[in-house]
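No lab work stands behind these numbers, since they all come straight from the coordinates. Being a predicted model, the structure only gives us computed values, none of them experimental. All Cβ positions, glycine included, derive from the backbone under ideal geometry; neighbour counts span all protein chains shown.
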Amino acid sequence: MRSDGSGKKQMTTKPGYDGGAAFSRDGSHLVWRANYPRNEESMATYKSLLADNLTTPMKMEIVVSNGDGSNARTVTNFGCASFAPPSRPMESRSFFLQTSMNATAGTSNCTK
């Protein structure tokens, strides 16, 4: 996309939630958080909420791709909310926050 907002390109095509995207400094990679419904029931729930411009707390994994959106791959499988995946200046790693809940208290873990 150009600085004036023209030339937009959709980078993802899977049905589901994509958010918090960030490019690497050189634009060669893109990282984001995502939740792609895995069965008909969760897809129906997602679509129902989307129709009302809503979402619900969900498990989100971190996805990376080439800067043009190609070669997208999920790089986490934590089963919790992973978010805030900005790219680091060294280009070889991303830093993100992962949440997990247990019976007594919620915890947040920083992961790189």
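The amide H of M60, built 1.01 Å from its N in the peptide plane, has C80, A81, S82 as neighbours under 5 Å, considering only residues 5 or more places off or on other chains.
Calculated FRET efficiency, L54 to D26, Cβ-Cβ distance, R0 = 30 Å: about 0.25 to the nearest 0.05.
Sequentially through region 58-75, phi angles give Karplus couplings (6.51, -1.76, 1.60; θ = phi - 60°) of 8, 6, 10, 10, 8, 10, 10, 8, 5, x, 8, x, 6, 6, 5, 8, 7, 10 Hz, Gly and Pro residues having no value and appearing as x.
Under 20 Å Cα to Cα from K8, which aspartates and glutamates show up? Leave out anything in the same chain fewer than 8 places away. Once the sequence-local aspartates and glutamates are set aside, what remains near K8 is D18, D26, D68.
Find the all-direction average of the projected area of the Cα convex hull for region 2-80, expressing the result in square nanometres with one decimal place. Please list the in-between numbers first.
Values: hull surface 25.3 nm².
Value for region 2-80: 6.3 nm².
In order along region 16-22, the phi-based Karplus estimate (6.51 cos²θ - 1.76 cosθ + 1.60, θ = phi - 60°) of 3J(HN,Hα) comes to x, 8, 10, x, x, 5, 8 Hz; Gly and Pro are listed as x. How would region 29-70 be classified by its alpha-carbon gyration tensor: rounded, prolate or oblate, with rounded meaning a/c under 1.5 and the a/b versus b/c comparison settling the rest? Prolate is the answer for region 29-70, as a/c is 1.5 or above and a/b outweighs b/c.
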